[in-house]
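Here is the structure we will look at, set down as structure tokens.
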Amino acid sequence: MSDLLERLRRRTWRMTAQRRVVAEVLDGDHVHLTADEVHARAVAKLPEISRATVYNTLGELVALGEVTEVATGARAKRYDPNADRPHHHLVCAGCGAMRDVPPSGSPPAALSEAERFGFTVHDVEVTYRGLCPDCASA
């Protein structure tokens, strides 16, 4: 399970009831929810939470670097609470399910000095695409 709540406590982030619920909804391994999914789950825990509060809280968490926005093409952005651990993503081209994949060896996207065109590389994102077992059997 991710340690999002603990990381936020260490930061002394002001933990209102609304912020806590959003963080609780996001906390866990392989959690990659859209903002609407976060809102729906948050409402189940705290019925009075507004969509705007969820969106604002997600924006704050991204700005803090505690949650990462993951774009998977034409689908809605997803929010990943495992921003403190290097990992790649495995995405189902059928249903959009996502799983975290630990990096192994040097990333396939590693570039030689000549291939960088003078860029200083700060980050590498690797996304593996395929079909999950459910979609592959359909």
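The values are calculated or read from the model by the stated rules, or taken from the named source; none is laboratory data. Remember, it's a predicted structure, so these values are computed and weren't measured experimentally. Because the Cβ atoms are built from the backbone with ideal geometry, glycine has one as well, and the counts that use them run over all protein chains shown.
Out of the residues in the range 1-18 that are touching a residue at least 40 places away in the same chain (Cβ under 8 Å) and in a helix (DSSP H, G or I), which is nearest to Ala97 (Cα to Cα)? Of everything passing the filter in the range 1-18, Leu4 is nearest to Ala97 (Cα to Cα).
May I ask you to verify whether Ala76 is touching a Ser or Thr at 6+ places or on another chain (Cβ under 8 Å), of a type in the set (A, V, I, L, M) and not assigned by TED's automatic domain parsing to the domain that holds Thr127? Yes, satisfied. Taken over the range 61-76, the residue count meeting the criterion of being surrounded by 15 or more Cβ atoms within 10 Å (Cβ to Cβ) and either of a type outside the set (Ser, Thr, Tyr) or touching a Lys or Arg at 6+ places or on another chain (Cβ under 6 Å) (or both) is 5. Number of residues in the range 87-130 that are modelled with pLDDT of 80 or more, exposed (fewer than 11 other Cβ atoms within 10 Å of the Cβ) and within 19 Å of the chain's Cα centre (by Cα) equals 1. Within the range 87-100, identify whether any single residue is touching a strand residue (DSSP E or B) at 6+ places or on another chain (Cβ under 6 Å) and within 17 Å of Ala23 (Cβ to Cβ), and answer yes or no. Scanning the range 87-100 turns up no residue that is touching a strand residue (DSSP E or B) at 6+ places or on another chain (Cβ under 6 Å) and within 17 Å of Ala23 (Cβ to Cβ).
Listed here are the residues, each with its yes/no results for (1) surrounded by fewer than 15 Cβ atoms within 10 Å (Cβ to Cβ); (2) at pLDDT 95 or above; (3) in contact with a strand residue (DSSP E or B) (Cβ under 8 Å, 6 or more places away or on another chain).
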site: Arg11; (1), (2), (3): yes, no, no
site: Met15; (1), (2), (3): yes, no, no
site: Gln18; (1), (2), (3): no, yes, no
site: Asp29; (1), (2), (3): yes, no, yes
site: His32; (1), (2), (3): no, no, yes
site: Ala44; (1), (2), (3): yes, yes, no
site: Ile49; (1), (2), (3): no, yes, no
site: Val54; (1), (2), (3): no, yes, no
